[in-house]
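K.L.:
So that we are looking at the same thing, I have put the structure below in C-alpha cells.
Read-outs throughout are calculated quantities, based only on the coordinates presented, and are distinct from any laboratory measurement. Everything numeric here is computed off the predicted structure, so don't read it as measured data. Note: ideal-geometry Cβ built from the backbone for every residue, glycine included; neighbour counts use all protein chains shown.
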Amino acid sequence: MDTIYRLEIPVPFAVETVNVFLIKGDTLTLVDTGTNTAEARLALQAGLGELGYRLSDIETVIITHHHVDHSGLLNDFSETTAIIGHPRNEPWISQNPDFLACYEQFFQDIVPQFGIPEVIAKYGPPMKRTLAYASKRSLSAAVQEGDRLDFLPEFTVIETPGHASTHIALFREQDGLMIGGDALLGHISSNPLLEPPYFGETERKKPLLEYNDTLRRLGEMPISRILPGHGSDVTQVSELVAERLKKQKARAQKVLNMLKEKPMTAFEICIQLFPTLYTKQFALTLSETVGQLDFLKYNQQILLDTSVAEWMYYAK
Ligand SMILES: [Zn+2]
C-alpha cells in the first residue's frame, strides 16, 4: 500500500496548524498545502526535507477544498506540478475577478437581509481578508464523486460538501482509510460556511444541510481511520458523527426557543448565540447561525419574512 506521511504546518488562524499529507506511491502526491505564509512555507520545506524530498519533487497536489489553509501555497509548485481538486475550487483558487465581484455583491446583499450593523459590515467580506494568505493558481484537472486517479489507484474521490462546497475526501476501500480534509475533525466541529451562489446558480447553498448529509454518509461508511485536516486522527467515526448531529440539533432547538420569545433577524440571533465570539469570529458565527436557521426552516419549524429590508425569522 502507499505510504502516507503527515506534516503539520503552522497557519495564522485559530486552528493554529493544518495537516498536509505526502502520499508516496508510484508518484509523489501532496494533499493540501498550508497558507501562503513564510512560516508555512518553511515548515513544508523542512517536513519534506526530513523525508528526503524537495517541493519540486511533488508531482501532484490534491486540495481537499479551497480554504487558504489548504490551498494557500499552490503557487510554490512548478508549472509542471498537477493541481487537482473539485471543479468548484476553480473560481476561488484562481481568484476569478467576476466571481470575486459576485462574492462582494452577495455580502452587500446579506448585510441588510441578516440585519448586520454597519459597524461590522464596514470590515468587508471575510474572504477578502483571507486573500492575503492565498495563491492564484488554476486546477490542472478536476475530480468529482467516484473518480479514481491513475497515479493513486488505491483511492476513490468522495464529495463531502458542507464545510465548503468544494470539499472532497480520498477513501481507500482496502483498509477503510480516509484522507478527510475538514469533513470531520476530532477536537472541534467543522463549521459549514456561507458561500455565494456560483455562476449560473441563483440561490446560495444551504451548507449546514449539506454538511449533515455528509456527516450521515461518513457515519455509514466503513471508515477505519480519518487523517484530518486539523488535529489528531479520528477513529470512532460513527460515534463522533452521532455526537456532532446531536449537538447541532440541540443548538437548533436553542435558536427555536429564542424565536419563540420574539421574532429576530439572523444577526440578533447570532449575538445571542455567540455573545463574545461573534466580534472575533464573525464569518464563522454568522454562518453557524444561518445554518441553524436553514435547518429549522427546512424542517418547517420557523417562517422567514423577506418582504422587509431586514429579514425576520418567526417560530411557527
Ligand atoms: Zn481547514
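Conditions tested, residue by residue: (1) in contact (Cβ under 8 Å) with a residue 40 or more places away in the chain; (2) among the acidic types (Asp, Glu).
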residue: Asp213; (1), (2): yes, yes
residue: Arg216; (1), (2): no, no
residue: Ser224; (1), (2): yes, no
residue: Ser238; (1), (2): no, no
residue: Val241; (1), (2): yes, no
residue: Lys254; (1), (2): no, no
residue: Met264; (1), (2): yes, no
residue: Glu268; (1), (2): yes, yes
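K.L.:
May I ask you to say which residue of Gly180, Gly200, Gly186 is within 13 Å of the ligand (Cβ to nearest atom) and not polar (S, T, N, Q)?
P.N.:
On the way: Gly200 fails: within 13 Å of the ligand (Cβ to nearest atom); Gly186 fails: within 13 Å of the ligand (Cβ to nearest atom).
Matching residue, one of Gly180, Gly200, Gly186: Gly180.
K.L.:
On the basis of being within 16 Å of the ligand (Cβ to nearest atom) and within 17 Å of Leu74 (Cα to Cα), does Leu7 make the cut? Show your work before the answer.
P.N.:
Working: within 16 Å of the ligand (Cβ to nearest atom): yes; within 17 Å of Leu74 (Cα to Cα): yes.
So Leu7 fits the description; yes.
K.L.:
Also, quick follow-up: Looking at (1) within 17 Å of Ser135 (Cβ to Cβ); (2) in contact with an Asp or Glu (Cβ under 8 Å, 6 or more places away or on another chain); (3) away from the ligand (no atom under 16 Å from the Cβ), can you tell me which one Ile62 breaks?
P.N.:
(3)
K.L.:
Please go through the range 50-76 and give me each residue that is in contact (Cβ under 8 Å) with a residue 60 or more places away in the chain and over 14 Å from His163 (Cβ atoms), ordered by number.
P.N.:
Those that are in contact (Cβ under 8 Å) with a residue 60 or more places away in the chain and over 14 Å from His163 (Cβ atoms): Glu59, Thr60, Ile62, Gly72, Leu73, Leu74, Asn75.
K.L.:
Looking at (1) within 25 Å of Asn191 (Cβ to Cβ); (2) surrounded by fewer than 19 Cβ atoms within 10 Å (Cβ to Cβ), can you tell me which one Val20 breaks?
P.N.:
(2)
K.L.:
Mind telling me which of the residues Ile84, Ile116, Ile93, Ile110 ends up being within 16 Å of the ligand (Cβ to nearest atom) and hydrophobic (A, V, I, L, M, F, W, C)?
P.N.:
Values: Ile84 fails: within 16 Å of the ligand (Cβ to nearest atom); Ile116 fails: within 16 Å of the ligand (Cβ to nearest atom); Ile110 fails: within 16 Å of the ligand (Cβ to nearest atom).
The conditions single out Ile93.
K.L.:
For the range 10-40, name all the residues that are more than 11 Å from the ligand (Cβ to nearest atom) and part of a strand (DSSP E or B).
P.N.:
Pro10, Phe21, Leu22, Ile23, Lys24, Leu28, Thr29, Leu30, Val31 - these are the residues of the range 10-40 that are more than 11 Å from the ligand (Cβ to nearest atom) and part of a strand (DSSP E or B).
K.L.:
Only one residue in Leu73, Leu48, Leu30 is touching a helix residue (DSSP H, G or I) at 6+ places or on another chain (Cβ under 8 Å), buried (at least 17 other Cβ atoms within 10 Å of the Cβ) and farther than 18 Å from Lys136 by Cβ, so which one is that?
P.N.:
Selected residue: Leu48, the only one of Leu73, Leu48, Leu30 that is touching a helix residue (DSSP H, G or I) at 6+ places or on another chain (Cβ under 8 Å), buried (at least 17 other Cβ atoms within 10 Å of the Cβ) and farther than 18 Å from Lys136 by Cβ.
K.L.:
Still on this structure: Could you count how many residues in the range 281-316 are among the hydroxyl-bearing types (Ser, Thr, Tyr), without any contact (Cβ under 8 Å) to a residue 24 or more places away in the chain and over 13 Å from Ile116 (Cα atoms)? Full working, then the answer.
P.N.:
So the first thing to find is which residues in the range 281-316 are among the hydroxyl-bearing types (Ser, Thr, Tyr), and the list is 285, 287, 289, 298, 306-307, 313-314.
Right, trim to without any contact (Cβ under 8 Å) to a residue 24 or more places away in the chain and you get 285, 307.
Add one more test, that the residue is over 13 Å from Ile116 (Cα atoms), and what stays is 307.
Residues flagged as among the hydroxyl-bearing types (Ser, Thr, Tyr), without any contact (Cβ under 8 Å) to a residue 24 or more places away in the chain and over 13 Å from Ile116 (Cα atoms) within the range 281-316 amount to 1.
K.L.:
Out of the residues in the range 139-166 that are touching a residue at least 40 places away in the same chain (Cβ under 8 Å) and among the small types (Gly, Ala, Ser), which is nearest to the ligand (Cβ to nearest atom)?
P.N.:
Result: Ala164.
K.L.:
Can you tell me which residues in the range 213-261 are under 22 Å from Tyr5 (Cα atoms) and part of a helix (DSSP H, G or I)?
P.N.:
Val237
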